1. Tell me the residue from L119, L132, L126 that is under 18 Å from L73 (Cα atoms), open to solvent by less than 30 Å² (accessible area, probe 1.4 Å) and not β-branched (V, I, T), please.
2. Among the residues of the range 122-133, is there at least one that is within 22 Å of D188 (Cα to Cα) and modelled with pLDDT of 95 or more?
3. Out of the residues in the range 58-107 that are among the polar types (S, T, N, Q) and assigned to a helix (DSSP H, G or I), which is surrounded by the fewest Cβ atoms within 10 Å (Cβ to Cβ)?
4. Can you find a residue in the range 170-178 that is open to solvent by less than 50 Å² (accessible area, probe 1.4 Å) and either farther than 24 Å from A232 by Cβ or without any contact (Cβ under 8 Å) to a residue 12 or more places away in the chain (or both)?
5. Which pairs do you get when a residue that is within 14 Å of R139 (Cβ to Cβ), found in the range 80-96, comes within reach of a residue that is among the basic types (K, R) and surrounded by fewer than 21 Cβ atoms within 10 Å (Cβ to Cβ), reach meaning Cβ atoms under 9 angstrom, with the pair 6+ apart or on two chains?
Amino acid sequence: MGNSALKAHLETAQKTGVFQLTGKGLSEFPEDLQKLASNLRTIDLSNNKIEILPPVMGKFSVLKSLTLNNNKLTALPEELCKLKKLETLHLNGNHLTQLPATFGQLLALKTLSLSGNQLRTVPPQLCSLRHLDVVDLSRNQIRSVPDTVGELQAIELNLNQNQISQISVQISHCPRLKVLRLEENCLDLSMLPQSILSDSQISLLAVEGNLFEIKKLRELEGYDKYMERFTATKKKFA
């Protein structure tokens, strides 16, 4: 892509606060974006070949939405965690194996998509994020859901298409968790905590494609309580 094209994009971004440049084969974060660090609210650089985010990312002080789906990121800079206004972060289809230690400082974060990466665990840093609504960790390499998950504030947690065979009973203590997606994992029925059914806020539990037949779920203690929540929620949205 020529400089003049980039310049035109930058001029538009200066007026709108939105910079979108997708599918252009970019191998690095456009250096010229730094000039707009104080007025960009949205950046979308999806479907490029970006391998590294520069530390200057931390200077985008009013950034609300950052989308970098389908790039080649293997790590995120600690500086990214300084973005106090960031509400939406989409990083699907990269090569991330973990999140920065300071990720819990992204206090405004509401939506986090990390589908199709190489995470092996549910990042404990997510438990510090009090405004988190939706977390998508589908299509990773997660094998178990740890005790720390009980602190998670999310309303929806998507763990579809992982390798999960163990789930901490603490998941039923999540204060706001309404939707739990666990489709296409390696769960045995005996490994699904019954408290999810009998004693949680969860009103939609998606567990198709595991190591048990769905009809067996109906035989578990607490299933009727779960169905009450499920039906009440359905009525609300009907």
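The values are calculated or read from the model by the stated rules, or taken from the named source; none is laboratory data. Everything quoted here is computed from the prediction, not taken from an experiment. Don't worry about glycine lacking a Cβ; one is built from the backbone with ideal geometry, like all the others, and counts go over all protein chains shown. Just so you know, the surface numbers come from the protein's heavy atoms only, side chains and all, with ligands and any DNA or RNA stripped out. Shrake-Rupley method; radii C 1.70, N 1.55, O 1.52, S 1.80 Å.
1. On the way: L132 fails: under 18 Å from L73 (Cα atoms); L126 fails: under 18 Å from L73 (Cα atoms).
The conditions single out L119.
2. Here is the first cut: in the range 122-133, the ones within 22 Å of D188 (Cα to Cα) are 122.
Retained after the next criterion (residues that are modelled with pLDDT of 95 or more): 122.
The answer is yes, given that some residue of the range 122-133 is within 22 Å of D188 (Cα to Cα) and modelled with pLDDT of 95 or more.
3. If we filter the range 58-107 for residues that are among the polar types (S, T, N, Q), which is where we start, we get 61, 65, 67, 69-71, 74, 88, 92, 94, 97-98, 102, 105.
With the extra rule that they be assigned to a helix (DSSP H, G or I), the set shrinks to 102, 105.
Numbers: T102: 14, Q105: 17.
Filtering the range 58-107 for residues that are among the polar types (S, T, N, Q) and assigned to a helix (DSSP H, G or I), the one surrounded by the fewest Cβ atoms within 10 Å (Cβ to Cβ) comes out as T102.
4. For the range 170-178, residues open to solvent by less than 50 Å² (accessible area, probe 1.4 Å) and either farther than 24 Å from A232 by Cβ or without any contact (Cβ under 8 Å) to a residue 12 or more places away in the chain (or both): absent.
5. Going by the 9 Å Cβ cut-off, the qualifying pairs are N92/R139; G93/R139; N94/K72; H95/K72.
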